[in-house]
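Enquirer: Dumping the structure here so I can ask a few things about it.
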Amino acid sequence: MTRNTFSRRKFLEGLAVGSGVVVLAACAPAAAPAASEGEAAAPAEGGDAAPAAGAVTIAWWDYMSAANGAALDTQMANYMEANPSVTIERTSIPFADLKQKLLQGAAAGQLPDVVIIDNPDHSSFAALGVFADLTDLVQTWGQADSYFEGPWASTVYQGKNYGIPDNSNCLVLWYNKDLTEPAGVQPPANWDELVSASAALSDGDRYGLAMSGVKSEEGTFQWLPFLWMTGEDLPTLDSDGGRAALQLWTDLVNDGYMSPGILNWTQGDVKGQFENGLAAMMVNGPWQIPVLKDEAPDLNWDVVTLPVEKQGASILGGENTAIVGATENLDAAWELLTWRQEPDNLKAYLLEAGKLPSKADMAQDEAWTSDPVLNVFVEQLKVAKPRNYGPNYPEISNAIQEMMQAAISGQKPVDAAVADAQAVITPLLPA
């Protein structure tokens, strides 16, 4: 396998769009020496994997919460029991910190073997040379056609494959039935009904609706479906539809139906507001299902697809699994990745974690179609769009976050915030 190189120029560019860093929680194998200044970073190439032999320790990074991480721990324990020569050292890093940690780890030669990465960020790290080119291994494996097009496409950069989809998810609307039913509020089907329901359910310290507008990918993730519902997209952000999508959020806050705290709330914080009765409705994903069942078993909630404007939309979320280009354990890492995708292993993990399959055939399994809650997510997934905006996506997302923060906080009028964001985003979009 060709060793990964990482140029100083590309590292600094990546660092500029990264987020805060945390202390490394576990030892990881050293990467190859950094390239000299000006040397281009070529994505690493993975060769044919031979069966792993001897004792191997696989260092693994992800950003899973405690509840979702428990499903990973179960799966890893099962793998290590079946493969006693393999030890997996898993490190959970906060979502907001993982990208920066990868950038700094690449420059310092301190990276894991395997990373779970948010799918829109995959191509950026492939372009930077952090992830191994697995194209030959994937072709030999022969499973690519079993995945949905969107999740699989997110693992591909310049025609080469740099990972495997781990799971898919999307956003739907959750509502507290013990609050909506006494108020005579039906689950909203469109934006007008969403506003009226949020108004009717707001009372004292309780807001009608909670969403995440935090200055991280979580904020972008929650807002983009509202843009797409208007029929617009990022190339036409500065449009009536783009302004309407941002105005909706801004008005919900200004009118007192949604807390100004959304500008600091992660999706986990949104779940907390909903769980504690401080929000009657929320926008969130299927990973919260096991969390709420565990933390609030008596909470009487249900879900519906997102209220629409001109058209239905949600966002394709989920994670991919990548192997780091500098790994000394390519064979063992690849064996682990493909074992995780075997039907029984994958199904058990996804159900415990509250996630949706990226594999088309598995999505038709009755475990998802017969469950009334999971089936809403499967239906919503049919109109979920990926964030396929190329390797500049982290910078694009940052511009969206700054737009949201400026408008919702009142620092800029909606029109100006949208126009400023469009000016930043347009040159960053793929040609």
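The values are calculated or read from the model by the stated rules, or taken from the named source; none is laboratory data. All of these numbers come straight from a predicted model, not from anything done at the bench. Note: ideal-geometry Cβ built from the backbone for every residue, glycine included; neighbour counts use all protein chains shown.
Enquirer: Test Asn276 against the criterion of being at pLDDT 95 or above and either surrounded by 18 or more Cβ atoms within 10 Å (Cβ to Cβ) or among the β-branched types (Val, Ile, Thr) (or both), and give yes or no.
Expert: So Asn276 fails the test.
Enquirer: For the subset of segment 203-237 comprising residues that are acidic (Asp, Glu) and surrounded by fewer than 19 Cβ atoms within 10 Å (Cβ to Cβ), which member is farthest from Ala280 (Cα to Cα)?
Expert: We begin by selecting, within segment 203-237, every residue acidic (Asp, Glu); these are 203, 205, 217-218, 232-233.
Applying the additional criterion that residues be surrounded by fewer than 19 Cβ atoms within 10 Å (Cβ to Cβ) yields 203, 205, 233.
Working: Asp203: 10, Asp205: 11, Asp233: 29 Å.
Selected residue: Asp233.
Enquirer: If you don't mind, another one. Kindly state which helices (runs of 4 or more DSSP H) lie completely within segment 333-429 and contain at least 1 residues that are outside the structural domain of Ile58 (by TED's automatic domain parsing) and touching a Phe, Trp or Tyr at 6+ places or on another chain (Cβ under 7 Å). Talk me through it step by step, then tell me what you get.
Expert: Numbers: elements: 343-353, 360-363, 366-369, 372-381, 393-408, 414-425.
Correct list: 393-408.
Enquirer: Let me ask something else about it. Which one of these is at pLDDT below 95 and of a type outside the set (S, T, N, Q): Ala107, Ala82? Give the steps one after another, and end with the answer.
Expert: Details: Ala82 fails: at pLDDT below 95.
Only one candidate qualifies: Ala107.
Enquirer: Within segment 235-272, restricting attention to residues that are over 19 Å from Ser212 (Cβ atoms) and of a type in the set (Gly, Ala, Ser), which residue is farthest from the chain's Cα centre (by Cα)?
Expert: Ser239
Enquirer: Given the conditions (1) free of Cβ contacts under 8 Å to residues at least 12 places away in the same chain; (2) over 18 Å from Ala360 (Cα atoms), and given that Glu149 satisfies all but one, which numbered condition is not satisfied?
Expert: In the conditions (1) free of Cβ contacts under 8 Å to residues at least 12 places away in the same chain; (2) over 18 Å from Ala360 (Cα atoms), Glu149 misses (2) alone.
Enquirer: Further question: Regarding Lys347, is this residue basic (Lys, Arg) and either touching a residue at least 60 places away in the same chain (Cβ under 8 Å) or within 28 Å of Val214 (Cα to Cα) (or both)? Outline the logic, then answer.
Expert: Numbers: basic (Lys, Arg): yes; either touching a residue at least 60 places away in the same chain (Cβ under 8 Å) or within 28 Å of Val214 (Cα to Cα) (or both): no.
Judged against the criteria, Lys347 is not a match.
Enquirer: Got a sec? Which of Gly204, Gly213 is outside the structural domain of Gln341 (by TED's automatic domain parsing), at positive phi and of a type outside the set (Val, Ile, Thr)?
Expert: Gly204
Enquirer: Determine, yes or no, whether Leu263 is in the same structural domain as Ala417 (by TED's automatic domain parsing) and surrounded by 19 or more Cβ atoms within 10 Å (Cβ to Cβ).
Expert: Numbers: in the same structural domain as Ala417 (by TED's automatic domain parsing): yes; surrounded by 19 or more Cβ atoms within 10 Å (Cβ to Cβ): no.
Considered against the rule, which asks whether it is in the same structural domain as Ala417 (by TED's automatic domain parsing) and surrounded by 19 or more Cβ atoms within 10 Å (Cβ to Cβ), Leu263 comes out as no.
Enquirer: Inside segment 331-372, can you point out the residues that are in contact with a helix residue (DSSP H, G or I) (Cβ under 7 Å, 6 or more places away or on another chain) and polar (S, T, N, Q)?
Expert: Once the filter is applied, which keeps residues that are in contact with a helix residue (DSSP H, G or I) (Cβ under 7 Å, 6 or more places away or on another chain) and polar (S, T, N, Q), segment 331-372 yields Thr338, Asn345, Ser358, Thr369.
Enquirer: Within segment 85-140, restricting attention to residues that are of a type in the set (Ser, Thr, Tyr) and touching a Gly at 6+ places or on another chain (Cβ under 7 Å), which residue is surrounded by the most Cβ atoms within 10 Å (Cβ to Cβ)?
Expert: The residue in question is Ser123.
Enquirer: Go through (1) under 24 Å from Ala421 (Cα atoms); (2) in contact (Cβ under 8 Å) with a residue 40 or more places away in the chain; (3) part of a helix (DSSP H, G or I) for Pro290 and report which single condition fails.
Expert: Of the numbered conditions (1) under 24 Å from Ala421 (Cα atoms); (2) in contact (Cβ under 8 Å) with a residue 40 or more places away in the chain; (3) part of a helix (DSSP H, G or I), the odd one out for Pro290 is (1).
Enquirer: Just wondering, is there one or more residues in segment 292-307 that are touching a Gly at 6+ places or on another chain (Cβ under 8 Å) and not assigned by TED's automatic domain parsing to the domain that holds Asp62?
Expert: Within segment 292-307 (the criterion being touching a Gly at 6+ places or on another chain (Cβ under 8 Å) and not assigned by TED's automatic domain parsing to the domain that holds Asp62), the answer is yes, since at least one residue qualifies.
Enquirer: Can you pull out every residue in segment 184-232 that is in contact with a Leu (Cβ under 6 Å, 6 or more places away or on another chain), assigned to a loop (DSSP other than H, G, I, E, B) and small (Gly, Ala, Ser)?
Expert: Gly213
For every residue, the table says whether it meets (1) hydroxyl-bearing (Ser, Thr, Tyr); (2) farther than 30 Å from Gly105 by Cα; (3) more than 22 Å from the chain's Cα centre (by Cα).
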residue: Ile289; (1), (2), (3): no, yes, no
residue: Leu316; (1), (2), (3): no, no, no
residue: Asn329; (1), (2), (3): no, no, yes
residue: Phe377; (1), (2), (3): no, yes, no
residue: Val383; (1), (2), (3): no, yes, no
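Enquirer: Among the numbered criteria (1) surrounded by fewer than 24 Cβ atoms within 10 Å (Cβ to Cβ); (2) more than 19 Å from Asn169 (Cβ to Cβ); (3) touching a residue at least 40 places away in the same chain (Cβ under 8 Å), which one does Ala363 miss?
Expert: Condition (2) is where Ala363 drops out.
Enquirer: Can you say whether Leu252 is outside any loop (DSSP other than H, G, I, E, B) and either in the same structural domain as Leu72 (by TED's automatic domain parsing) or in contact with an Asp or Glu (Cβ under 7 Å, 6 or more places away or on another chain) (or both), as far as the supplied structure shows?
Expert: no
Enquirer: Considering only residues that are under 29 Å from Ala333 (Cβ atoms), in contact with a Phe, Trp or Tyr (Cβ under 6 Å, 6 or more places away or on another chain) and not in a loop (DSSP other than H, G, I, E, B), which ones fall in segment 158-182?
Expert: Scanning segment 158-182 gives a single hit, Pro165.
Enquirer: Pull up segment 145-180, narrow it to residues that are among the charged types (D, E, K, R) and more than 17 Å from the chain's Cα centre (by Cα), then point me to the one that is nearest to Ile323 (Cα to Cα).
Expert: Per the criteria, the residue is Lys160.
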